[in-house]
Amino acid sequence: MTINGTYETVDCEGVDVRYADHLDGGGSDFGRAYVPFVASRFGKVPRLLEWCCGPAFIGFSLLGAGLCEKLELSDVNEEAVLAARATVAANGLDDRVSVFHSDCFDKVPADSEWDLIVGNPPHMNVTTAPAEDVETFRRIKPELVYADKDWEIHERFYDQVGVRLAPGGSVLLQECWAASDPEVFRPMIAASGLEIAGVFPCEAPHELFYFLWVRAAA
């Protein structure tokens, strides 16, 4: 890693990603499991969104690996959005990448739809998580990175995402076994006319995490 202006820089499949440590929710580490998984399960898709993108380690890695034609990024944190836009500018990706400062889909064009939506959202329901776990994260990261009180962020996402999927499109979120079970999300997914297509543990050294694959109900 090197310092480039006010950002650190890390190579993600040939894309030099700009970031700051406090913006990294794990995408630079366990988020790298996305590339082999998407390659084996989905292959290359025309249009991909990384939701809750942060500095967008996942999205830029998938683009760099040739697994999407167009990449769109969305985050509620303006600081993360600025970092992602710095990466776009530094790598000359203006024609292939768009970045939205948006709370869920609020500021994303209404006609946007994607073949695959990925993301590393906040993993912890701070209402029910052990107090010591919440305090540990509070000391090292901003709440925007880890906290999803009563799963409100996930519920809002699943409520809105169905109409954002292209025909045959999928959602693939990375979740944490220590913070949730896939069954926690099943009711909100079903309420939105979607279904869980599969749950896949991440391979070593990222066994603490799993992929939750969701698509339109058959």
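Each reported figure results from applying straightforward, stated rules to the coordinates on display, with no laboratory input. This is a predicted model, so every value here is computed, not measured. FYI the Cβ positions are ideal-geometry reconstructions off the backbone, even for glycines, and counts take in every protein chain you see.
Identify all residues within the stretch 71-108 that are surrounded by fewer than 21 Cβ atoms within 10 Å (Cβ to Cβ) and among the hydroxyl-bearing types (Ser, Thr, Tyr); write none if there are none.
Ser98, Ser102
Considering only residues of the stretch 119-141 that are surrounded by 14 or more Cβ atoms within 10 Å (Cβ to Cβ) and of a type in the set (A, V, I, L, M), which is nearest to Ala179 (Cα to Cα)?
Among residues in the stretch 119-141 that are surrounded by 14 or more Cβ atoms within 10 Å (Cβ to Cβ) and of a type in the set (A, V, I, L, M), the one nearest to Ala179 (Cα to Cα) is Met124.
Have a look at Leu208, Leu212 and point out the one that is in contact (Cβ under 8 Å) with a residue 40 or more places away in the chain, under 25 Å from Asp29 (Cα atoms), surrounded by fewer than 19 Cβ atoms within 10 Å (Cβ to Cβ) and of a type outside the set (Phe, Trp, Tyr).
Leu208
Which residues, counting only those in the stretch 142-152, are touching a residue at least 60 places away in the same chain (Cβ under 8 Å) and either in contact with a Pro (Cβ under 8 Å, 6 or more places away or on another chain) or surrounded by 19 or more Cβ atoms within 10 Å (Cβ to Cβ) (or both)?
Within the stretch 142-152, Leu144, Val145, Tyr146 qualify.
Which members of the stretch 156-195 meet the condition of being of a type in the set (Val, Ile, Thr) and either surrounded by 17 or more Cβ atoms within 10 Å (Cβ to Cβ) or within 15 Å of the chain's Cα centre (by Cα) (or both)?
Val161, Val171, Ile189
For the stretch 168-204, enumerate the residues that are assigned to a helix (DSSP H, G or I) and either on the phi > 0 side of the Ramachandran plot or touching a Cys at 6+ places or on another chain (Cβ under 7 Å) (or both).
none
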